[in-house]
1. Take the stretch 109-138 and flag every residue that is assigned to a helix (DSSP H, G or I), within 9 Å of the chain's Cα centre (by Cα) and farther than 15 Å from residue 39 by Cβ.
2. Could you list, in sequence order, the residues of the stretch 66-117 that are among the β-branched types (Val, Ile, Thr) and farther than 30 Å from residue 130 by Cβ?
3. Return the residues of the stretch 1-52 that are part of a loop (DSSP other than H, G, I, E, B), modelled with pLDDT of 95 or more and charged (D, E, K, R); say none if nothing qualifies.
4. Could you check the stretch 32-45 and list, in sequence order, the residues that are touching a residue at least 40 places away in the same chain (Cβ under 8 Å) and not aliphatic (A, V, I, L, M)?
5. Could you list, in sequence order, the residues of the stretch 70-96 that are under 17 Å from residue 17 (Cα atoms) and loosely packed, with under 15 Cβ neighbours inside 10 Å?
6. How many residues are part of a loop (DSSP other than H, G, I, E, B) and either within 14 Å of residue 37 (Cβ to Cβ) or among the charged types (D, E, K, R) (or both) if we restrict to the stretch 53-84?
7. Need the failing condition index for residue 91 against (1) in contact with an Asp or Glu (Cβ under 9 Å, 6 or more places away or on another chain); (2) within 21 Å of residue 50 (Cβ to Cβ), just the number.
8. For the stretch 90-112, name all the residues that are touching a residue at least 40 places away in the same chain (Cβ under 8 Å) and in contact with a strand residue (DSSP E or B) (Cβ under 9 Å, 6 or more places away or on another chain).
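The values are calculated or read from the model by the stated rules, or taken from the named source; none is laboratory data. Since we're looking at a predicted model, the values are computed, not measured. Note that we place each Cβ from the backbone using ideal geometry, even for glycine, and neighbour counts take in every protein chain shown.
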Amino acid sequence: MLNINLSKIKKLSAVEFTRQDMIRIGARAIQSIQDRCARGLGATDRPMPPLSARYRAKKARMGQPAVRNLMFSGSMLGSLTVVEATANKAVIGFTRRAELAKAIANQNRAAWFGLSKSDEQNVENYADRMVRSKREYT
């Protein structure tokens, strides 16, 4: 048998996120996805499949890395935004239909859209820092 006696009871208070907090967390998720893709990594944190020889040559001629990094013009990843946010969730999407069409085509070639394990860790660390910061002020 184990007896636990609390000599001093401390009330724990929950830290709640606001809609604005969730927008910031969503923005951190977007940044993490963009950074991962720029390194040529897909949603599994592994390198995306190689480009076709023709497209690889086209990118090389334009002075860009000859890897699948979804950064040809930057407009597709640049149109990622938080499209909805509440105190409980943030939804990431695209601001332009043309960029959404590109994203779907690229997703069909190689899974990239979503939070990889490293993205999740990055976002969780950011949210943890927010919680600690909020606790300091309460």
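1. Residues satisfying the conditions are 120, 123.
2. 67, 104
3. 39, 45, 46 - these are the residues of the stretch 1-52 that are part of a loop (DSSP other than H, G, I, E, B), modelled with pLDDT of 95 or more and charged (D, E, K, R).
4. Of everything in the stretch 32-45, those that are touching a residue at least 40 places away in the same chain (Cβ under 8 Å) and not aliphatic (A, V, I, L, M) turn out to be 32, 34, 36, 37, 42, 44, 45.
5. 84, 86, 87, 88, 89, 91
6. Here the count works out to 11.
7. Unmet for residue 91, out of (1) in contact with an Asp or Glu (Cβ under 9 Å, 6 or more places away or on another chain); (2) within 21 Å of residue 50 (Cβ to Cβ): (2).
8. 90, 91, 92, 112
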